[in-house]
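A.B. asks: For reference, the structure I am asking about is given below.
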Amino acid sequence: MWWPGLKQWCNRFKTADGVRGWVRDGFAGLSLASMNIPQVLGYARIAGMPAVTGLYTVLLPLVAFAVFGSSRHLVVAADSATAAIFSSALSEMAQPGSAHYSALVSMVALLCAGFLLVARLFRLGFLADFLSRTVLVGFMAGVGVQVGIVMLFDMLGLTAHTHHPLYQIGELLRGLPHAVPQALLFSGVVSLGLFLANRFVPHLPWALLVVGGSICASWFYHLQAYGFEVVGPVSGGLPALSLPWVGWDDVLALLPVATSCVFVMIAQSAATSRAIADQFNETVDENADILGLSAANAAAAVSGAFAVNGSPTQTAMAVRAGARSQRAQLVFAAVTVCVLLFLTKPLQFLPRCVLGAIVFNIAMGMIQLRTLGHIRRESPGEFGLAVITGLTVVGLGVEQGIFIAIALSLFRHVRHSYLPHTMILKEDAQTGAMEAQPLKSGVQPENGVVIYRFCADLFYANCNRFVEDLRVLAETSHPSVRCIVIDASAITDVDYSAAVAVRNILTILQHDHIRVIFGRVSPYLRADMDRHVISDVLGKENIFSQLHTALAEARLHAAG
């Protein structure tokens, strides 16, 4: 029993092109590290933690998810959404940067690990099924715009003082007169160069070359003296492993914070992994990913880091860099070890405007304009849902955008079920095939028989539509209808409210001497009809598993 599971686990680290795949993932891991290591330092600043803890998030947590998760592409590390959630709450409990604050942050990560483990036991990965591909595209576009706005500050040599995207736009516009021209010029050249290089020669690690070159230029030419802001000093060394220790009252106060983070982790990680998997026609196991998230947050807690999450930006970076398996993330973790031990000094010379230009290009790549164009042409209504999702992410935040995305996906499903297609079936005289026609008043029955199809399950929200259609058929047909055959092929479930409505309309039609026969009744529908006593009201002789037998019985009744 263990061998298939082990084989499936090993397949996540395999690629179809053998050694070439190993080399590609190795370069992708190096490129990913060059872009993300400076970025996680910024996430540590958002979290109110020492800069080195940002590096800790891309060490043990990265390896833990690679081992226990299922996604071949998802990068689980520091993330701005969860960092902003817990830092805003914990800053009221302790002074950011203090020992007590660090212990609270690590405890949040440990609580998240426990909650995620419970979520895995209850198999809550199904929540990802409520995210349609349409809203995923909108979600990723919104995240891209949000991250792009933040990176513009670094590209202009400015500093953001707020986390809200709309406020950031206003702050950016007010700060334009104070922008650093040389930073703007340098970042503009880097951004344009990366765009052209990735478009025409996409297989080379351009971001790695840019980071290495800019560090050397900053080191040798002292760019900081010319107005370029750099990352700054970063302490080195591997993390010391220990469990966080806080008081019981603090644990109780942290429960709501951890719960909020967990909801965002499950939804955002599922949205990101599924969106990337769609690009490669792959499948993901959301429940395995939840287990991977739990292991990653447990690793973060014991290594003195802060809560980690599936990052849309860093995952997009991995894909752009050419990563096709979790081997790239393992290389990323190995590079982090080398940086912590030997390279923290050179890292401090990286210009922030260069880092901003690299991440800005990645963020713009998350806006899939071509896909949005296809959605707009094929389904304008769904395009509107994608746009609303993206605007919500930008206007309200990532966590709100995720819940709006789920709500919109559910709304779209309920709307289709609430207003299902209904039609009349008529037999073609030449071919004998059933042809669908719209239901309208004044239907002309064939020998007193009307065939009606209801294309959805019957539940409280749409049962009135079913009842009204039968009333129209009974009252407006010319000549009068004697038998209504219901094609129930699309009906597999009937809830209590719908059952009451169906029983009432059947009683009314029987009083008017109109016989109702159900055809194509599935075992699932038959069980519901028996349970809700519809079978007794209808008469079991009026229930058929096939449409042609139901139609034959109806014609026999109408002729008699």
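A.B. asks: Let a ≥ b ≥ c be the square roots of the eigenvalues of the Cα gyration tensor of the stretch 177-299; is it rounded (a/c under 1.5), or, if not, prolate (a/b larger than b/c) or oblate?
C.D. replies: Working: a/c = 2.43, a/b = 1.45, b/c = 1.67.
Oblate shape, in that a/c is at least 1.5 and b/c is the bigger or equal ratio.
A.B. asks: Suppose every Lys and Arg Cβ carries +1 and every Asp and Glu Cβ carries -1, with no other charges. What dipole size does the stretch 413-560 come out with about its Cα centre, to the nearest 20 debye? Each step should come with its number before you reach the end.
C.D. replies: Details: 14 positive and 17 negative charges, 19 e Å.
Charge dipole of the stretch 413-560: 100 debye, to the nearest 20.
A.B. asks: Please report the orientation-averaged projected area of the stretch 24-124, defined via the convex hull of its C-alpha atoms, in nm².
C.D. replies: Numbers: hull surface 28.1 nm².
Average projection, Cα convex hull of the stretch 24-124: 7.0 nm².
A.B. asks: Right, something else. Could you tell me whether the stretch 290-367 comes out rounded, prolate or oblate from its Cα gyration tensor? Rule is a ≥ b ≥ c as square roots of the eigenvalues, rounded for a/c under 1.5, then prolate if a/b exceeds b/c, otherwise oblate.
C.D. replies: Values: a/c = 1.70, a/b = 1.12, b/c = 1.52.
It is oblate, given that a/c is not under 1.5 and a/b is not larger than b/c.
A.B. asks: Let me ask you something else. Once neighbouring chains are kept in place and the probe is 1.4 Å, which whole percent of the accessible area of the chain is contributed by carbon and sulfur? The partial results should precede the final answer.
C.D. replies: Numbers: 16390 of 25780 Å².
Answer for the chain is 64 percent, counting heavy atoms of protein chains only.
A.B. asks: List the residues, sorted by chain then number, that are 5 or more residues from Val231 or on another chain and whose placed amide H is less than 5 Å from its amide H.
C.D. replies: Result for Val231 returns Leu350, Arg352.
A.B. asks: Please give the residues of the stretch 318-359, grouped as numeric ranges, whose backbone N is less than 14 Å from a label point set 7 Å along the Cα-to-Cβ vector of Tyr226.
C.D. replies: 351-354
A.B. asks: Beta carbons within 10 angstrom, averaged per residue: use that to sort the peptides 308-317, 80-89, highest first. Walk me through the numbers on the way to the answer.
C.D. replies: Values: 308-317: 29.0, 80-89: 22.1.
Those peptides, ordered most packed to least, come out 308-317, 80-89.
A.B. asks: So how do Trp206, Trp22 rank on accessible area, 1.4 Å probe, biggest first, that is with the largest at the start?
C.D. replies: The ranking, largest first, comes out as Trp22, Trp206.
A.B. asks: How much area per residue is accessible in the stretch 150-222 when the probe is 1.4 Å and only protein heavy atoms are counted (Å²)? Mind dumping the intermediate values first?
C.D. replies: On the way: 4510 Å² over 73 residues.
Accessible area per residue, the stretch 150-222: 62 Å².
A.B. asks: ³J(HN,Hα) across the stretch 187-195 via Karplus (A = 6.51, B = -1.76, C = 1.60, θ = phi - 60°), whole Hz, x for Gly/Pro?
C.D. replies: Whole-Hz 3J(HN,Hα) from phi for the stretch 187-195: 5, x, 5, 4, 4, 5, x, 5, 4.
A.B. asks: Enumerate the calculated ³J(HN,Hα) couplings along the stretch 80-94 in order (Karplus 6.51 cos²θ - 1.76 cosθ + 1.60, θ = phi - 60°), each rounded to whole Hz, writing x wherever the residue is Gly or Pro.
C.D. replies: For the stretch 80-94, the Karplus-derived couplings read 5, 5, 5, 4, 5, 5, 7, 5, 5, 7, 6, 5, 8, 9, 7 Hz, x marking Gly and Pro.
A.B. asks: Would you mind classifying the stretch 81-172 by shape? Square roots of the alpha carbon gyration tensor eigenvalues, ordered a ≥ b ≥ c; an a/c under 1.5 is rounded, otherwise it is prolate if a/b is larger than b/c and oblate if not. Spell out each step's value before the answer.
C.D. replies: On the way: a/c = 3.30, a/b = 1.11, b/c = 2.98.
The shape class here is oblate.
A.B. asks: Now for a separate question. Multiplying the sequence separation of Thr492 and His416 by 0.36 nm and subtracting their Cα-Cα distance, what value in nm do you get?
C.D. replies: Numbers: separation 76, 0.36 × 76 = 27.36 nm, distance 1.58 nm.
In short, 25.8 nm is gained.
A.B. asks: Using amide H atoms built in the peptide plane, which far-off residues or other-chain residues are under 5 Å from Val516 H to H?
C.D. replies: Ile484
A.B. asks: If you look at just the Cα atoms of the chain, how large are its Rg and its Dmax in Å?
C.D. replies: When restricted to Cα atoms, the chain yields Rg and Dmax of 30.0, 101 Å.
A.B. asks: Just want to confirm a number: the relative contact order over the stretch 362-480, from Cα pairs under 8 angstrom separated by 6+ residues, in percent. Walk me through the intermediate numbers first.
C.D. replies: Numbers: 97 pairs, mean separation 23.0, N = 119.
19 percent.
A.B. asks: A further question follows. Among the aspartates and glutamates, which have Cα under 18 Å from the Cα of Lys426 when same-chain residues fewer than 8 positions away are ignored?
C.D. replies: Straight-distance partners of Lys426: Glu435, Glu446, Asp469, Asp487, Glu553.
A.B. asks: Quick one: how many Å² of Leu330 are accessible to a 1.4 Å probe, rounded to 10?
C.D. replies: Near enough 70 Å² of accessible area.
A.B. asks: Could you list the residues of the stretch 523-558 with an amide nitrogen less than 18 Å from a label point located 7 Å from the Cα of Glu446 in the Cα-to-C-beta direction?
C.D. replies: From the stretch 523-558, the list is 546-558.
A.B. asks: Once you keep just the Cα pairs under 8 angstrom separated by 6 or more residues, what percentage relative contact order results for the stretch 23-151?
C.D. replies: Relative contact order of the stretch 23-151: 17 percent.
A.B. asks: Related question: For the stretch 171-185, take each phi angle, set θ = phi - 60°, evaluate the Karplus expression 6.51 cos²θ - 1.76 cosθ + 1.60, and give the result in whole Hz per residue in order, putting x for glycine and proline.
C.D. replies: Per residue, the Karplus-derived 3J(HN,Hα) values read 5, 5, 5, 5, x, 3, x, 9, 5, 8, x, 5, 5, 4, 5 Hz.
A.B. asks: Let me ask another. Accessible area, 1.4 Å probe, largest first: how do Arg24, Arg320, Arg133 sort? Please report the intermediate quantities before stating the final value.
C.D. replies: Values: Arg24 70, Arg320 95, Arg133 150 Å².
Most to least solvent-accessible, the answer reads Arg133, Arg320, Arg24.
A.B. asks: If you don't mind, there's one more thing I want to ask. Solvent-accessible area per residue for the stretch 416-560 at a 1.4 Å probe radius, Å²? Walk me through the intermediate numbers first.
C.D. replies: Details: 7440 Å² over 145 residues.
With all protein chains present, the stretch 416-560 gives 51 Å² per residue.
A.B. asks: I need to check one value: relative contact order of the chain, counting alpha carbon pairs closer than 8 Å and at least 6 residues apart, in percent.
C.D. replies: After rounding, I find 22 percent.
A.B. asks: At 0.36 nm per residue, and after removing the present C-alpha to C-alpha distance, how many nm does the segment from Ala179 to Asp536 gain when stretched out fully? Write down the numbers at each step before the final one.
C.D. replies: On the way: separation 357, 0.36 × 357 = 128.52 nm, distance 7.86 nm.
Length difference between fully extended and current span is 120.7 nm.
A.B. asks: Okay, moving on. Using only Cα atoms, find the angle between the long axis of helix 133-155 and the longest principal axis of the chain, and express it within 0 to 90 degrees, rounded to the nearest 10.
C.D. replies: 20
A.B. asks: What is the dipole size for the chain, taken about its Cα centre, with +1 at each Lys and Arg Cβ and -1 at each Asp and Glu Cβ, in debye to the nearest 20?
C.D. replies: Numbers: 36 positive and 35 negative charges, 251 e Å.
Result for the chain is approximately 1200 debye, rounded to the nearest 20.
A.B. asks: Antiparallel as a % of all DSSP beta bridges within the chain, to the nearest 5?
C.D. replies: For the chain, the DSSP antiparallel bridge percentage is about 50.
A.B. asks: Cross-link candidates for Lys345: which aspartates and glutamates have Cα within less than 18 Å, leaving aside residues fewer than 8 places away along the same chain?
C.D. replies: Leaving aside aspartates and glutamates fewer than 8 places away in the same chain, those within reach of Lys345 are Glu229.
The values are calculated or read from the model by the stated rules, or taken from the named source; none is laboratory data. This one's a predicted model, so the numbers in the text were calculated from it and none came from an experiment. Positions of Cβ are generated from backbone atoms using ideal geometry, with glycine treated the same way; all protein chains shown enter the neighbour counts. Side chains included, ligands, DNA and RNA excluded: accessible areas come from the protein's heavy atoms. Shrake-Rupley method; radii C 1.70, N 1.55, O 1.52, S 1.80 Å.
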